[in-house]
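We did not get these values from a lab; they are worked out from the coordinates using the rules stated. Predicted, not measured: the structure shown is a model, and the values here were computed from it. Note: ideal-geometry Cβ built from the backbone for every residue, glycine included; neighbour counts use all protein chains shown.
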Amino acid sequence: MNTLIQTAFTHLEALLRFVAILQLGLAVLSFFLPRIMKWEGDISRMSLLVRDVFTIHSWFISITLIIWGVLTWRFAPEMAHAPTELSRWLCGAMGAFWGIRCVLQWLHYSPAHWRGIPSRTVIHWVLFVGYAAWTTVYGMAALQAGRVL
């Protein structure tokens, strides 16, 4: 296990870049999520205020993921090899965000959305494992060199 951790830290820059690409992909996907998930009917039945808030929040989540993906890509070498207090805090914040998202994957979403539906069960688990991996990579960068936030 210790060797696995050492190997992960050795490849932290590559892991950060991989997470950056995946976040950018998720951001692009999120712009099309209502169409992909066939939510148009549900969204059209929302009150105007709720529909507007949903739309703006969806856009801002996507914009946030784009910003995080670009920042992670651009500053991956610093985050991995020469972390500053700012990069540690940024990685800590992003790790916390994805960690909370992991918890909400189980505590907020009703299992009725996915249980018994193989394709949705796979998506549920892929998202959970992916978010947990992102939490781990950002956590490693935040705690890099044994320094705690």
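Computed 3J(HN,Hα) for the range 84-93, one whole-Hz value per residue from the Karplus formula 6.51 cos²θ - 1.76 cosθ + 1.60 where θ = phi - 60°, is 9, 4, 4, 5, 5, 5, 4, 5, x, 5, glycine and proline marked x. Equivalent-ellipsoid semi-axes for the range 1-70 (Cα gyration tensor, √(5λ), whole Å, largest first): 36, 12, 10.
With axes computed from alpha carbons, what is the tilt in degrees of helix 48-81 against the longest principal axis of the chain, rounded to the nearest 10 within 0 to 90? Value to nearest ten degrees: 20. With contacts taken as Cα pairs under 8 Å and at least 6 residues apart, the chain reaches a relative contact order of 32 percent. Counting every alpha-carbon pair across the chain, the share separated by more than 27 Å comes to 31%. For residue 59 and residue 81, the FRET efficiency from 1/(1 + (r/R0)^6), where r spans their Cβ atoms and R0 equals 30 Å, is about 0.30. Net charge of the neighbourhood of residue 95, taken over other residues with C-beta under 13 Å away and scored Lys/Arg +1, Asp/Glu -1, is +2. Mean-square fluctuations from a GNM of the chain, with a 10 angstrom spring cutoff on Cα atoms, peak among 17, 74, 120 at 120. Most tightly packed first, judged by the mean number of other beta-carbon atoms within 10 Å of their residues, the peptides 77-86, 18-27 read 18-27, 77-86.
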